[in-house]
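The values are calculated or read from the model by the stated rules, or taken from the named source; none is laboratory data. Computed from a predicted structure; not experimentally measured. Virtual Cβ from ideal backbone geometry, glycine too; neighbours counted across all protein chains shown.
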Amino acid sequence: MAKMKLYYSPASPYARKVRVVALETGLEKKIDMVNVALSPVAPNADVDRHNPIGKIPALSVKGLDLFDSPVICEYLDSHHKGRKLFPRKGRERWVALRQQAMGDGLLDAALLVRYEGFLRPEDKRWTEWSKGQMKKIEGVLAQLEAEAKALKGKLTIGTIAIACALGYLDFRFPGFDWRSRHPRLAKWFAAASKTPAIKATAPPPG
């Protein structure tokens, strides 16, 4: 397998998904990690060369550039001989993909709130917009609380996405007390956070 190059940021929850998958599949030693700085208002030329959307993560393999996180994760999962993180068939596959959609959807909403409150000039911020995104986050959390039992077991792409999303809430919204309202989800996340790959990819403090 050709050497790969991953463009990422330690603070990116989507890149974290890829890094967790790389560790879980044993492929991390075959990937050169390129730490880049970028934002929606400050693009990165190196990233733009490998992803026309200008976002991370982006994975460069000889003759092929891959993006975004679901595509990269599935690519990595197809290049190892161990247990698959993307179940191949049946109900298990659709459950994992649905969980990934919930995790990514929660992240999408959280990032929009973050950008609105952090990047947009204060006089141009739209409070109702942020409230609408927070409502989406609350909806996903409520659904995950109701389905907490289904999260148990070995990691899949679905539970990896959810763990990265919850980790992002803790990272960027430390005052958002989601645990008290979703105790079963909180208990699962506490256990999942002890998984070596999840622990090793935690976002930097501060």
Cβ-Cβ below 6 Å, separation at least six or inter-chain, first residue in segment 187-203 and assigned to a helix (DSSP H, G or I), second of a type in the set (F, W, Y) and surrounded by 14 or more Cβ atoms within 10 Å (Cβ to Cβ): which pairs? none
Residue ID - surrounded by the most Cβ atoms within 10 Å (Cβ to Cβ), chosen from residues in segment 148-162 that are under 18 Å from the mean Cα position of the chain (by Cα) and not in a helix (DSSP H, G or I): T156
Looking at (1) over 21 Å from G54 (Cα atoms); (2) in the same structural domain as A142 (by TED's automatic domain parsing); (3) surrounded by fewer than 16 Cβ atoms within 10 Å (Cβ to Cβ), find the lone condition where G82 falls short. (2)
Does R125 count as basic (K, R), more than 17 Å from L107 (Cβ to Cβ) and crowded, with 16+ Cβ neighbours inside 10 Å? no
Scope segment 52-62; condition touching a residue at least 40 places away in the same chain (Cβ under 8 Å) and more than 15 Å from A37 (Cβ to Cβ); matching residues: L59, S60, V61, K62
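To keep it simple, each residue is scored yes or no on (1) crowded, with 16+ Cβ neighbours inside 10 Å; (2) more than 25 Å from A200 (Cβ to Cβ); (3) modelled with pLDDT of 95 or more; (4) among the polar types (S, T, N, Q).
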| residue | (1), (2), (3), (4) |
| --- | --- |
| Y75 | yes, no, yes, no |
| W94 | no, yes, yes, no |
| Q100 | yes, no, yes, yes |
| G117 | no, yes, no, no |
| R120 | no, yes, no, no |
| K131 | no, yes, no, no |
| I137 | yes, yes, yes, no |
| A146 | no, yes, yes, no |
| C164 | yes, no, yes, no |
Condition first: crowded, with 21+ Cβ neighbours inside 10 Å and in a helix (DSSP H, G or I). Now tell me which residues in segment 1-25 satisfy that. P13, Y14, A15, R16, K17, V18, R19, V20, V21, A22, E24, T25
Failed condition for L23, given (1) in contact with a helix residue (DSSP H, G or I) (Cβ under 8 Å, 6 or more places away or on another chain); (2) free of Cβ contacts under 8 Å to residues at least 60 places away in the same chain; (3) not assigned by TED's automatic domain parsing to the domain that holds K135; (4) not aromatic (F, W, Y), with all others met? (2)
May I ask you to list pairs of residues, at least six apart or on different chains, whose Cβ atoms are under 8 Å apart, with the first in segment 78-101 being more than 22 Å from L141 (Cα to Cα) and the second being in a loop (DSSP other than H, G, I, E, B) and of a type in the set (D, E, K, R)? R83/K154
Return the residues of segment 48-68 that are among the basic types (K, R) and surrounded by 16 or more Cβ atoms within 10 Å (Cβ to Cβ); say none if nothing qualifies. K55
Among the candidates I162, I157, single out the residue that is touching an Asp or Glu at 6+ places or on another chain (Cβ under 8 Å) and outside the structural domain of A11 (by TED's automatic domain parsing). I157
